[in-house]
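The values are calculated or read from the model by the stated rules, or taken from the named source; none is laboratory data. In this text, all values refer to a predicted model and were calculated from it rather than measured experimentally. Cβ placement follows ideal geometry from the backbone for every residue including glycine, while neighbour counts extend to all protein chains displayed. Please note that ligands, DNA and RNA were not included when accessible areas were found on the heavy atoms of the full protein model with its side chains. Shrake-Rupley method; radii C 1.70, N 1.55, O 1.52, S 1.80 Å.
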Amino acid sequence: MYTQPTDRKELAATAERAPRTLTPEDAAFQQRIDADEFIEPRDWMPQAYCKTLVRQISQHAHSEIVGMLPEGNWITRAPTLKRKAILLAKVQDEGGHGLYLYAAAETLGVSRDEMIEALHSGKAKYSSIFNYPTLTWADIGCIGWLVDGAAIMNQIPLCRCSYGPYARAMIRVCKEESFHQRQGYDIMLALCRGTPEQKNLAQDALDRWWWPVVMMFGPSDKDSTHSAQSAAWKIKRVSNDDLRQKFIDATVPQADLLGLKIPDADLKWNARRGHYEFGAVDWEEFWRVVNGDGPLNRERLAARVKAYEDGRWVREAATAYAAKRGRGSFDPDAAKHGRDSFDPDVAKHGRDSFDPDAAKHRASEKVA
């Protein structure tokens with residue numbers, strides 16, 4: 001899962017808005033949040049809460065779908081049949097995650113078509129991490145180990161998100177992401193135990209992916225306008241900086257076990273704090289990639305739009321078939337002769353009810 005702020009203009013505009021006076025409904029809503037109750041789709045909620053969720057969940061869904069592209073690029077080039085099958089299953093999982101999340105967002109009143117149109121038009125964002133290229137097989141290992149490892153750090157707190165459909169979707173997603181992280185680390189371990197050339201591939205991939213992954217958690221808390229309100233609503237349970245620190249603390253020992261060096265000259269253990277200290281993040285690069293000027297932004301979006309357009313005929317055929325079968329929408333007259341409703345007259349000669357006279361007649365025909 002890969003939720004990030006959208007762009008600087010939106011952050012600035014949000015910061016300039018005057019605080020809204022709380023209504024009795026707002027106060028009652030916040031009491032439910034403070035009591036750790038789940039908010040469900042039919043419950044009253046502030047418009048800003050709904051809007052924040054639509055932005056975050058749809059961005060999360062977009063990231064899962066776009067995230068299939070860099071790994072899908074290596075399915076046909078995986079080094080063994082076993083690796084190919086594992087990667088294929090992983091990419092399929094990511095597609096499923098996107099569908100769970102689109103469905104969760106739809107409970108807030110936004111349609112899937114609207115969300116996809118926002119992505120294709122560039123209005124909606126996805127995680128900046130997927131705008132970097134996968135140059136070697138070691139990059140696939142790094143995506144599993146680092147990108148999915150960072151995703152797990154983000155996702156586990158979301159299992160306790162205040163919005164019920166989002167929290168429940170994340171439970172299954174987290175279970176599958178843990179498999180993704182393990183398979184990525186297994187790839188890196190195999191490379192590091194292989195030839196010197198293979199270990200060099202692993203180190204090169206780590207050198208290129210480390211800082212973009214550290215950026216995945218979003219800007220520092222002091223520069224993140226959405227974080228405070230999202231925390232008050234318990235959409236976000238852990239701050240960007242705390243998640244980033246937790247990720248680095250967990251990952252550095254894993255790199256040591258692999259015999260790889262984290263590409264950060266300032267990285268060192270602080271015994272007093274009980275955490276690793278790390279170097280400055282290049283936030284200019286982060287915003288440049290988020291706002292569309294990364295290595296593969298245009299290619300990733302073009303690939304998604306092409307896939308959507310190529311699949312249009314399938315969606316149209318499915319819609320036409322559903323309408324023909326009377327499933328697309330409920331029509332009382334059409335349903336009377338179909339399977340969408342029960343009609344005693346129709347059922348008398350069909351399979352929906354038992355009619356003694358009709359059954360007796362059919363039995364006599366068989367005997368004759």
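Looking at segment 247-258, can you tell me whether even one residue there is open to solvent by 50 Å² or more (accessible area, probe 1.4 Å), more than 27 Å from GLN59 (Cα to Cα) and among the hydrophobic types (A, V, I, L, M, F, W, C)? Spell out how you get there, then give the answer.
Looking only at segment 247-258, we keep the residues that are open to solvent by 50 Å² or more (accessible area, probe 1.4 Å), and these are 253-254, 256-257.
In the following step, the residues that additionally are more than 27 Å from GLN59 (Cα to Cα) were identified as 253-254, 256-257.
From the residues that got through so far, the ones that are among the hydrophobic types (A, V, I, L, M, F, W, C) too are 257.
Yes, some residue in segment 247-258 is open to solvent by 50 Å² or more (accessible area, probe 1.4 Å), more than 27 Å from GLN59 (Cα to Cα) and among the hydrophobic types (A, V, I, L, M, F, W, C).
Quick one: in segment 29-54, of everything that is free of Cβ contacts under 8 Å to residues at least 24 places away in the same chain and closer than 19 Å to MET115 by Cβ, which residue is least open to solvent (accessible area, probe 1.4 Å)? Step by step, filter segment 29-54, then rank; the result is MET45. Please work out if ALA318 is of a type outside the set (Phe, Trp, Tyr), more than 24 Å from SER127 (Cβ to Cβ) and surrounded by 12 or more Cβ atoms within 10 Å (Cβ to Cβ). In short, no.
How many residues does segment 131-151 hold that are of a type in the set (Gly, Ala, Ser) and without any contact (Cβ under 8 Å) to a residue 60 or more places away in the chain?
Quick first cut of segment 131-151, residues of a type in the set (Gly, Ala, Ser) only: 138, 141, 144, 149-151.
From what's left, without any contact (Cβ under 8 Å) to a residue 60 or more places away in the chain: 144.
Looking only at that region, the number is 1.
For GLU64, are the conditions met, namely being assigned to a helix (DSSP H, G or I), buried (at least 18 other Cβ atoms within 10 Å of the Cβ) and of a type outside the set (A, V, I, L, M, F, W, C)? The answer is yes for GLU64.
Does ASP266 satisfy the condition of being surrounded by fewer than 16 Cβ atoms within 10 Å (Cβ to Cβ), of a type outside the set (S, T, N, Q), in a helix (DSSP H, G or I) and out of contact with any Leu (no Cβ under 7 Å at 6 or more places or on another chain)? For ASP266, the condition - surrounded by fewer than 16 Cβ atoms within 10 Å (Cβ to Cβ), of a type outside the set (S, T, N, Q), in a helix (DSSP H, G or I) and out of contact with any Leu (no Cβ under 7 Å at 6 or more places or on another chain) - is not met.
From the set of residues in segment 221-242 that are under 18 Å from TRP211 (Cβ atoms) and surrounded by fewer than 21 Cβ atoms within 10 Å (Cβ to Cβ), which is modelled with the highest pLDDT? Walk me through it before giving the result.
Start the filter on segment 221-242 by keeping residues that are under 18 Å from TRP211 (Cβ atoms), which leaves 223, 240-241.
Right, trim to surrounded by fewer than 21 Cβ atoms within 10 Å (Cβ to Cβ) and you get 223, 241.
Values: ASP223: 77, ASP241: 94.
Top of the filtered list is ASP241.
Taking segment 268-293 on its own, how many of its residues are over 16 Å from PRO212 (Cα atoms) and of a type in the set (A, V, I, L, M)?
Quick first cut of segment 268-293, residues over 16 Å from PRO212 (Cα atoms) only: 268-277.
Checking the rest, the ones that are also of a type in the set (A, V, I, L, M) come to 271.
Residues meeting the conditions: 1.
Count of segment 200-236 residues, restricted to those that are in contact with a strand residue (DSSP E or B) (Cβ under 9 Å, 6 or more places away or on another chain) and either assigned to a helix (DSSP H, G or I) or closer than 15 Å to ALA150 by Cβ (or both), is 0. Residue by residue through segment 245-277, note down the ones that are without any contact (Cβ under 8 Å) to a residue 24 or more places away in the chain and at positive phi. Matches in segment 245-277: GLY274 only.
Looking at segment 169-177, is at least one residue modelled with pLDDT of 95 or more and charged (D, E, K, R)? The answer is no, given that none of the residues of segment 169-177 is modelled with pLDDT of 95 or more and charged (D, E, K, R).
For segment 159-174, which positions are open to solvent by less than 10 Å² (accessible area, probe 1.4 Å), among the hydrophobic types (A, V, I, L, M, F, W, C) and not in a loop (DSSP other than H, G, I, E, B)? Once the filter is applied, which keeps residues that are open to solvent by less than 10 Å² (accessible area, probe 1.4 Å), among the hydrophobic types (A, V, I, L, M, F, W, C) and not in a loop (DSSP other than H, G, I, E, B), segment 159-174 yields ALA167, MET170, VAL173.
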